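Report on one structure; see the data block that follows.
The values are calculated or read from the model by the stated rules, or taken from the named source; none is laboratory data. Just so you know, these numbers come straight off a predicted model, no measurement behind them. Here the Cβ positions follow ideal geometry from the backbone for every residue, glycine too, while neighbour counts run over all protein chains shown.
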Amino acid sequence: MQFKDIKGQEEIKRRLVKTVDANRVSHAQMFTGEAGSGTLPLALAYIQYLNCPNRADGDSCGECPSCQKIANLQHPDLHFVMPVNKQGKKSGEAITSDTFLPEWRKMVTATGGYFDEQMWYDTLGLENLQGLISKREADEVIRKLSFKSFEGGYKAVVVWLPERMNIEAANTLLKILEEPWDRTLFILVSAKPELLLPTILSRVQQTVVPGSEFDARRALAGVDAEEGSEEFELFVELMRLSYNDKHLELMKWAERAAALGRERQKRLLENFIRLTRASFMLNAGLEDIAYLWGAELDFCRRFAPFIGPRNVEPLVSEIESALGQLRQNGSAAIVFTHFALAASKMIIK
């Protein structure tokens, strides 16, 4: 990954390059930003630049053996930690990031590093399960870093979504951050830094990555919508049924939504919030910051006149309430039935 491969974030790129050129590389850093802002691509490009022997014009050469290995995510001094889990995991079965490195490489390569937590869980085939970064994982990082660098450069560890560490893993990582090995770089890539221990936050140099005009995660969501993603189809169906007061059909809609797995139900409602707010932005003439593509944009343009100042916040509040009930393990059938009927009353006719 080279800096030139990353759309936008020019100021952050310049700042990262400057720290390397001035030999002021902090051993513990954290890139924070929402999915799609480019936190992971920036981390990879930074590590590649740091280890490239032929840096020029503010970027790595992209051609030397080090660059090629890092670009392929196969450099022996580059290690990854990410939340993982396994459907049907047996009691006591050890699950670590290394188990899923082939899936990780495929995901990063396919998306350019622009993907979110749920997309990763879908790749792992997780249904009603979240990933976790365990103490065993942190112990494995210590073991790997105890060896000498294979190629004489920096040993780098990228921890993607460190907020998924359990408390034992977080405390183990904290010890490494307090007493790092020489020429060792930790980069935490976080979407929700507020969930991390304050002691960890105090020991990392933080780079806040703002939402980019090239939000590739949302671009991918638009592609999925073109291909008929069920989440988008359910949003379209709900709004059409609500507008036409099809109450019996709304009950059937609720049954369909309730049949999804719990994590997919949560993602469904999170997408509802995004699409509802984006429709309101279109209504207000703010298409440039609606971040919609493809079929999503086409539908929301037509739907936008029915989402205005009078109903946008009550509708979003109703979606958030349903999402909160699901997170508290409420009955999906009851939650979606109530939500569908309530939402139908809020669409401006």
Legend entry - Residue check, residue 84 at pLDDT 90 or above, in contact with a helix residue (DSSP H, G or I) (Cβ under 6 Å, 6 or more places away or on another chain) and under 25 Å from residue 197 (Cα atoms): yes
Inset, instruction - Would you mind stating whether residue 263 is surrounded by fewer than 22 Cβ atoms within 10 Å (Cβ to Cβ), free of Cβ contacts under 8 Å to residues at least 60 places away in the same chain, among the acidic types (Asp, Glu) and not in a loop (DSSP other than H, G, I, E, B)? - result: no
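Would you check which residues across the stretch 120-137 are of a type outside the set (Ser, Thr, Tyr), assigned to a loop (DSSP other than H, G, I, E, B) and either in contact (Cβ under 8 Å) with a residue 40 or more places away in the chain or buried (at least 19 other Cβ atoms within 10 Å of the Cβ) (or both) and list them?
Restricting attention to the stretch 120-137, the residues satisfying the condition of being of a type outside the set (Ser, Thr, Tyr) are 120, 122, 124-133, 135-137.
Of the ones still in play, those that are also assigned to a loop (DSSP other than H, G, I, E, B) are 125-131.
Once the filter is applied, which keeps residues that are of a type outside the set (Ser, Thr, Tyr), assigned to a loop (DSSP other than H, G, I, E, B) and either in contact (Cβ under 8 Å) with a residue 40 or more places away in the chain or buried (at least 19 other Cβ atoms within 10 Å of the Cβ) (or both), the stretch 120-137 yields 126, 127, 128, 129, 130, 131.
Take the residues in the stretch 79-112 that are of a type outside the set (A, V, I, L, M, F, W, C) and in contact with a Ser or Thr (Cβ under 9 Å, 6 or more places away or on another chain); name whichever of them is farthest from residue 43 (Cα to Cα).
We begin by selecting, within the stretch 79-112, every residue of a type outside the set (A, V, I, L, M, F, W, C); these are 79, 83, 85-93, 96-99, 102-103, 105-106, 109, 111-112.
In the following step, the residues that additionally are in contact with a Ser or Thr (Cβ under 9 Å, 6 or more places away or on another chain) were identified as 79, 83, 86, 96, 103, 106.
Numbers: 79: 12, 83: 17, 86: 27, 96: 21, 103: 19, 106: 17 Å.
Top of the filtered list is 86.
Suppose we filter the stretch 163-220 for residues that are of a type in the set (D, E, K, R), under 20 Å from the mean Cα position of the chain (by Cα) and at pLDDT below 90; how many remain? Let's see the steps before the verdict.
Let us first name the residues in the stretch 163-220 that are of a type in the set (D, E, K, R), namely 163-164, 168, 175, 178-179, 182-183, 192, 194, 203, 213, 215, 217-218.
Still in the list and also under 20 Å from the mean Cα position of the chain (by Cα): 163-164, 192, 194, 213, 215, 217-218.
With at pLDDT below 90 added as a condition, the list becomes 192, 194, 213, 215, 217-218.
Here the count works out to 6.
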Inset, instruction - Hey, could you check the stretch 82-119 for residues that are surrounded by 15 or more Cβ atoms within 10 Å (Cβ to Cβ) and of a type in the set (Val, Ile, Thr) and say which is farthest from residue 3 (Cα to Cα)? - result: 95
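Filter the stretch 22-59 for residues that are acidic (Asp, Glu) and without any contact (Cβ under 8 Å) to a residue 24 or more places away in the chain and give the result.
Initial filter on the stretch 22-59 (acidic (Asp, Glu)): 34, 57, 59.
Matches in the stretch 22-59: 57 only.
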Inset, instruction - Name the residue, out of 308, 330, that is in contact (Cβ under 8 Å) with a residue 40 or more places away in the chain, outside the structural domain of residue 128 (by TED's automatic domain parsing) and part of a loop (DSSP other than H, G, I, E, B). - result: 308
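Hey, could you check the stretch 26-70 for residues that are of a type in the set (Phe, Trp, Tyr) and assigned to a helix (DSSP H, G or I) and say which is surrounded by the most Cβ atoms within 10 Å (Cβ to Cβ)? So that I can check it myself, show each step before the final result.
Narrowing the stretch 26-70 to residues of a type in the set (Phe, Trp, Tyr): 31, 46, 49.
From what is left, the residues that are assigned to a helix (DSSP H, G or I) are 46, 49.
Values: 46: 27, 49: 23.
Here the residue is 46.
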